[in-house]
Amino acid sequence: MEVRSEGLPVSLWPLGSYGNRDFSLYYNKITQNTPFPLQVQVHAEPPPPPLLRAREGPFVALHLRYEMDMLAFSGCTYGCTKDESEELKALRCFFFFFFCLALFIQICIPLVEEKEIVSEERRLQGLCPLTPEETALVLQALGFDKETQIYIAAGEIYGSERRLAALRAAFPRIVRKEMLLDPVELQQFQNHSSQMAALDFMVSIASNTFIPTYYGNMAKVVEGHRRYLGFKRTILLDRKRLVELLDLHQNGTLPWIEFAVAVQAAHEKRIGQPMRRRVIADKPKEEDYFYANPQECLCERTNCDDLLGPSNSSSYRENEHTIPSKN
């Protein structure tokens with residue numbers, strides 16, 4: 001696979017070949033054609049991106065994967081109305097039908113049963129993205145307050161503003177690229193999903209904290225690039241554990257303070273600190289994703305034992321968070 005790095009700053013070279021996307025083309029188009037507010041330059045020590053400079057202080061990039069296609073293909077409908085659940089199921093079946101035609105219809109019959117997904121089972125297994133409402137509670141438990149600036153790095157949220165109401169109530173300082181870019185500036189990207197994702201990617205790299213609500217490809221690549229830039233804080237949510245805690249809290253079994261303590265404890269070692277990448281020689285699909293933790297690249301610049309040793313693994317509470325009171 002050819003790595004195309006022409007025109008990119010050095011800090012973006014590792015991503016030249018990600019997903020067969022021409023990041024050189026996207027980077028140049030985005031930075032040259034959006035004079036303000038979206039020219040995010042990514043360096044080893046990136047400054048606050050211009051799109052948020054008017055809003056002083058650090059900000060969180062929240063990769064809120066609660067989009068229609070994500071929910072349809074994952075079979076996750078928790079929090080959706082009956083009509084929405086039916087709509088998502090119909091969309092999944094529609095695309096599955098054309099997938100079958102492409103692969104010859106005879107191989108699809110044994111696959112149909114596998115597409116009968118039980119949403120609640122997947123959620124309990126930690127296989128669903130957190131809902132906006134769940135995300136609001138988790139962010140509060142992690143210590144983020146109403147003054148936290150949050151950039152939502154995502155496409156159209158399923159259910160639109162109705163589903164974002166709880167998140168906005170808890171965190172009024174929420175912004176999206178559609179709010180920050182002039183419609184004329186945004187128009188050149190709107191019909192190109194990869195370029196829209198590239199805008200979110202660049203802001204996510206520059207953020208003080210990155211939090212994905214689902215561990216997909218973009219989340220993994222952002223995580224790895226933030227490691228490359230000096231292990232910038234990336235909170236990787238333990239969705240299976242969080243679902244257990246959320247259900248206990250919401251049914252009244254687990255008081256808020258105990259819920260918050262448990263959430264923070266579950267993420268002490270999930271903030272993007274140095275760690276060894278698990279490699280399985282004969283089972284590459286089961287090993288840790290290289291782009292999420294490019295350990296081999298990081299070790300070129302320092303001694304691996306010093307970098308990955310226990311003395312260099314910070315905890316969650318060392319990052320200025322305390323046990324919060326619920327807003």
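Just so you know, all these numbers are worked out from the coordinates, no wet-lab data involved. Just so we're clear, the structure is a prediction, and the values are computed from it rather than from any experiment. Glycine gets a Cβ as well: all are built from the backbone with ideal geometry, and neighbour counts include every protein chain shown.
The table below gives the values:
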| item | result |
| --- | --- |
| Residue order, fewest to most surrounding Cβ atoms within 10 angstrom, among 279, 175, 60 | 279, 175, 60 |
| Förster radius 35 Å - calculated FRET efficiency between residue 179 and residue 247 (Cβ-Cβ, nearest 0.05) | 0.60 |
| Euclidean distance between Cα centres, region 123-157 to region 239-297, Å | 15 Å |
| Extent along principal axes [Cα atoms of region 179-227; Å; largest to smallest] | 34, 20, 17 |
| Estimated vicinal HN-Hα couplings, Hz - region 267-276 in sequence order (Karplus 6.51, -1.76, 1.60; Gly, Pro = x) | 10, 4, 10, 10, 10, x, 6, x, 7, 6 |
| Residue order, fewest to most surrounding Cβ atoms within 10 angstrom, among 89, 232 | 89, 232 |
| Long pairs among 240/285; 146/177; 89/326; 220/269; 220/285; 177/232, criterion Cα-Cα beyond 24 Å | 89/326 |
| Hydrodynamic radius (Kirkwood) for region 135-227, which is based on Cα pairs only, to one decimal in Å | 14.4 Å |
| Built amide H within the under 5 Å cut-off of residue 63, gap 5+ | 153, 211, 213 |
| Ranking of 194, 74, 207 by count of other Cβ atoms within 10 Å, fewest first | 194, 74, 207 |
